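Participant: Can you read through this structure? Questions will come right after.
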Amino acid sequence: MTSNAKAVLVGAGAMSRKWLDCIKSIGGVDIVGIVDLNPANAEARAAEQGINPDIGTDLKPMLEKHNPAIVLDVAIPAVRHGIVSTALAAGAHVLSEKPMAETLDQARDLVARAQAAGRLHVVIQNRRYLAQLRRIRRLIASGAIGEVTGLHCDFFLDPHFGGFRETMPHVLLLDMAVHTFDAARFLADDVAVSAYAEEWNPKASWYERDSSALASFRFSRAAVMTYRGSWCAPGLRTSWESTWRITGTQGSILWDGADDIRAEHSLPHEAGRLLPDTQVLEIPALEPADRIGGHMGVITDFIRATQGGPIPETVGSENIKSLAMVLGAIDASEQGRRVEIVI
């Protein structure tokens, strides 16, 4: 009988509950330790989950004691590089919250460390695993709208998080927009090569730093992405996944970020007509090979990969391309000009 893989959780905040729920549902993993600067948080999370792990405030001795195969990194971004570096050096595979690093240099370093250690560092880019996103990608891949020329996204919500997000610099771009940027890169099947952005904080904002932004990107095959967003926009909320218009050389797709996907193909232009006729396109169904399930999907793929399965598509060497869009936008905002993105 194969024994369960040992895992250590780092960070026992609110997000860790969803991770641990997924781990329990998937099975095959034992949480042998929880590390948090506030032991009471770790003890509360363990009691909630009905488990009895070691509780500590320092990752390194926890790793030395238990030699886990897996480290689950649900800590704040400021300590991510140290956590992942320490875990990889101890021979563990790591699943991290996003963003994968605070700087591109740190991200490059983590990619190199994972490769040198022969271990996985995977980022829980959970919205990559949305069913509707997979269906749209399948429609684009079919050629039904031709080549993608534009991806245009709006994101407007008004969450009152409390905690670190309300004091975090570049909070919208760094903590949330990465999901939309990653989805755009996935749909375009391309990499961004330049970025422009502006950030601001609306009047009456409950955030200390800029909570709103606009950004644009150019991809290597000439497609353009535009993004307008705010975490301080009361009323008429968009989906958490943004609302989308995707344009192609032969048609367009609209997605409300929830269940409504619509697409049209342009028919051949007839002489003397201003606007060509259009034809409604059928949205493809999911197929068994589609990777879906949000957090559950990413965590399942990660655990399978640690057991010799396929490398998840949100592995650090791929996710760095999405982080580069975020950091490129931040750099452009700070410099007040368009900047090149070099991974």
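The values are calculated or read from the model by the stated rules, or taken from the named source; none is laboratory data. Not measured: the values here are computed from a predicted model. Using ideal geometry, Cβ is built from the backbone for each residue, glycine included, and neighbour counts are taken over all protein chains shown.
Participant: Could you check, for the range 170-188, whether at least one of its residues is of a type outside the set (S, T, N, Q), crowded, with 22+ Cβ neighbours inside 10 Å, in contact with a helix residue (DSSP H, G or I) (Cβ under 7 Å, 6 or more places away or on another chain) and in a strand (DSSP E or B)?
Facilitator: no
Participant: May I pose another question? Filter the range 292-331 down to the residues that are closer than 24 Å to ASN4 by Cβ and in a loop (DSSP other than H, G, I, E, B) and list them by number.
Facilitator: Residues of the range 292-331 that are closer than 24 Å to ASN4 by Cβ, as a first pass: 293-312, 314-315.
Within the range 292-331, GLY293, GLN307, GLY308, GLY309, PRO310, ILE311, PRO312, THR314 meet the criteria.
Participant: A follow-up question, please. Does at least one position in the range 276-292 carry a residue that is closer than 20 Å to LEU133 by Cα, of a type in the set (Val, Ile, Thr) and over 21 Å from the mean Cα position of the chain (by Cα)? Give the steps one after another, and end with the answer.
Facilitator: Going through the range 276-292, the residues closer than 20 Å to LEU133 by Cα turn out to be 280-292.
Now drop any that are not of a type in the set (Val, Ile, Thr), which leaves 280, 283, 292.
Add one more test, that the residue is over 21 Å from the mean Cα position of the chain (by Cα), and what stays is 280, 283.
Yes: the range 276-292 contains one or more residues that are closer than 20 Å to LEU133 by Cα, of a type in the set (Val, Ile, Thr) and over 21 Å from the mean Cα position of the chain (by Cα).
Participant: Then there's this: Among the residues in the range 99-110, are any of a type in the set (Lys, Arg) and touching a Leu at 6+ places or on another chain (Cβ under 8 Å)? Steps first, please.
Facilitator: Of the residues in the range 99-110, the ones of a type in the set (Lys, Arg) are 108.
Those still in the list that are touching a Leu at 6+ places or on another chain (Cβ under 8 Å) too: none.
Scanning the range 99-110 turns up no residue that is of a type in the set (Lys, Arg) and touching a Leu at 6+ places or on another chain (Cβ under 8 Å).
Participant: Here's something else I'd like to know. Which residues, counting only those in the range 52-85, are among the hydroxyl-bearing types (Ser, Thr, Tyr), within 22 Å of ALA305 (Cα to Cα) and either at pLDDT below 95 or surrounded by fewer than 18 Cβ atoms within 10 Å (Cβ to Cβ) (or both)? Write out each step before concluding.
Facilitator: Initially, the range 52-85 is screened for residues among the hydroxyl-bearing types (Ser, Thr, Tyr), giving 57, 85.
Within this subset, residues satisfying the condition of being within 22 Å of ALA305 (Cα to Cα) are 85.
Matches in the range 52-85: none.
Participant: How do the pairs read when you match residues in the range 264-281 that are more than 16 Å from THR249 (Cα to Cα) and surrounded by 12 or more Cβ atoms within 10 Å (Cβ to Cβ) with residues anywhere that are β-branched (Val, Ile, Thr) and modelled with pLDDT of 85 or more, using Cβ under 9 Å and keeping only pairs 6 or more apart or on different chains?
Facilitator: Matching pairs, first to second residue: none at all.
Participant: If you scan the range 278-291, which residues turn out to be part of a loop (DSSP other than H, G, I, E, B) and under 23 Å from HIS152 (Cα atoms)? Full working, then the answer.
Facilitator: First, the residues of the range 278-291 that are part of a loop (DSSP other than H, G, I, E, B): 281-291.
Across the range 278-291, the qualifying residues are LEU281, GLU282, ILE283, PRO284.
Participant: Quick check on my filter: what residues within the range 212-247 are among the polar types (S, T, N, Q) and either assigned to a strand (DSSP E or B) or under 14 Å from ILE330 (Cβ atoms) (or both)?
Facilitator: Passing the criteria: SER212, SER216, THR226, SER230, THR243, THR247.
Participant: With respect to ARG138, is the statement that it is touching an Asp or Glu at 6+ places or on another chain (Cβ under 7 Å) and in a helix (DSSP H, G or I) true? If you could, list the steps in order and put the result at the bottom.
Facilitator: Details: touching an Asp or Glu at 6+ places or on another chain (Cβ under 7 Å): no; in a helix (DSSP H, G or I): yes.
No.
Participant: Testing PHE181 on (1) at negative phi; (2) among the hydrophobic types (A, V, I, L, M, F, W, C); (3) more than 14 Å from the chain's Cα centre (by Cα); (4) not assigned by TED's automatic domain parsing to the domain that holds CYS22, one condition comes back false. Which one is that?
Facilitator: Every condition holds for PHE181 apart from (3).
Participant: Can you say whether ALA144 is part of a helix (DSSP H, G or I) and of a type in the set (A, V, I, L, M, F, W, C), as far as the supplied structure shows?
Facilitator: Working: part of a helix (DSSP H, G or I): no; of a type in the set (A, V, I, L, M, F, W, C): yes.
Answer is no for this residue.
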